[in-house]
Amino acid sequence: MKIYQVVCSVNYREIGELIDYGKLVDADEVELSVFDPIPGRTSMFHLNDAQIRTVTRFFETFEQPDRPFVHHELFLRRLQNIDIAKGAFDNGIVASIPCAAGWFYARITTMGLVNGCLKAHRIPTGNLHKESFSNVWNGEAQNVFRRETKTIRADNPYLMNIGHDVRFGLPGCFRICDNLGQNQGIMRMAGGLSESDRAFVDRLVAMARSGATRDELIRFSETQAPPLRPMAPSSFTRVHV
């Protein structure tokens with residue numbers, strides 16, 4: 001169980017209490033995120049310089065508890081970004097690593113719309129009132145999302161539809177990417193694959209490209225997958241409802 005908390009001007013003094021609550025309910029992880037305001041509507045909740053200094057001082061003496069694991073490094077890096085006054089928190093990192101959100105994440109709205117990432121609400125890849133999640137997940141719109149977001153480029157018109165602020169001038173990925181920590185986890189996981197792991201993945205890819213059915217891929221995975229190894233705390237797969 002992970003407690004995910006967006007920190008803003010209302011609750012920035014309560015980070016310690018949030019971590020204590022995680023201990024109380026025996027949560028596995030606590031993850032903190034910077035508030036990304038909707039311009040003209042929720043900008044008043046943005047952290048100012050004094051509030052950022054208060055949060056930074058809290059973590060200067062912070063000691064990581066045995067449980068829950070508190071994800072705060074990315075949170076602090078965002079607060080120290082040189083372009084924070086412009087509302088940009090991740091512009092220095094998102095273009096440097098591949099985005100895999102289209103393969104491990106789905107956001108489902110109360111209207112049944114499926115989005116490829118948390119900030120892709122303007123480009124839904126399907127509607128569960130009209131088709132199954134399986135059809136959406138394997139459909140053309142989802143594949144387009146995967147292809148267009150694999151590399152984050154400022155000059156990609158498709159990416160301009162991601163994010164809250166349509167006047168930002170850059171893809172919302174550069175403003176703040178809610179899947180960045182997960183993407184970093186995927187990169188760490190990929191870097192830790194053994195030769196047998198990579199051979200297994202390569203075989204799956206080859207089978208899929210040659211027309212293998214979903215059931216055939218599942219059967220191969222169940223019988224041929226290398227044994228699982230313990231991994232550091234992280235959340236690689238999430239359906240956000």
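The values are calculated or read from the model by the stated rules, or taken from the named source; none is laboratory data. Since we're looking at a predicted model, the values are computed, not measured. Note: ideal-geometry Cβ built from the backbone for every residue, glycine included; neighbour counts use all protein chains shown. Areas reflect the complete protein model, heavy atoms only, side chains present, ligands, DNA and RNA absent. Shrake-Rupley method; radii C 1.70, N 1.55, O 1.52, S 1.80 Å.
Please give the number of the condition D28 fails out of (1) within 21 Å of the chain's Cα centre (by Cα); (2) open to solvent by less than 30 Å² (accessible area, probe 1.4 Å).
Of the numbered conditions (1) within 21 Å of the chain's Cα centre (by Cα); (2) open to solvent by less than 30 Å² (accessible area, probe 1.4 Å), the odd one out for D28 is (2).
What do you reckon, is R67 within 18 Å of K119 (Cβ to Cβ) and open to solvent by 30 Å² or more (accessible area, probe 1.4 Å)? Talk me through it step by step, then tell me what you get.
Working: within 18 Å of K119 (Cβ to Cβ): no; open to solvent by 30 Å² or more (accessible area, probe 1.4 Å): yes.
No.
Would you be able to tell me the number of residues in segment 216-241 that are modelled with pLDDT under 80 and either among the aromatic types (F, W, Y) or outside any loop (DSSP other than H, G, I, E, B) (or both)? Quick ask: steps written out before the conclusion?
Residues of segment 216-241 that are modelled with pLDDT under 80, as a first pass: 225-241.
Still in the list and also either among the aromatic types (F, W, Y) or outside any loop (DSSP other than H, G, I, E, B) (or both): 236, 238-240.
So the answer is 4.
Taking the condition of being farther than 20 Å from D36 by Cβ and assigned to a loop (DSSP other than H, G, I, E, B), how many residues in segment 162-215 meet it?
The total comes to 7.
Do you know which residues across segment 164-189 are closer than 20 Å to H71 by Cα, touching a helix residue (DSSP H, G or I) at 6+ places or on another chain (Cβ under 9 Å) and open to solvent by 40 Å² or more (accessible area, probe 1.4 Å)?
Matches in segment 164-189: Q184 only.
Pick from segment 40-62 the residues that are among the hydroxyl-bearing types (S, T, Y) and either open to solvent by 100 Å² or more (accessible area, probe 1.4 Å) or assigned to a helix (DSSP H, G or I) (or both): which of them is farthest from V10 (Cα to Cα)? Spell out the reasoning first.
Pass one, segment 40-62, residues among the hydroxyl-bearing types (S, T, Y): 42-43, 54, 56, 61.
Next, from what is left, pick out any that are either open to solvent by 100 Å² or more (accessible area, probe 1.4 Å) or assigned to a helix (DSSP H, G or I) (or both): 43, 54, 56, 61.
Numbers: S43: 12, T54: 13, T56: 16, T61: 22 Å.
Only one residue tops the list, namely T61.
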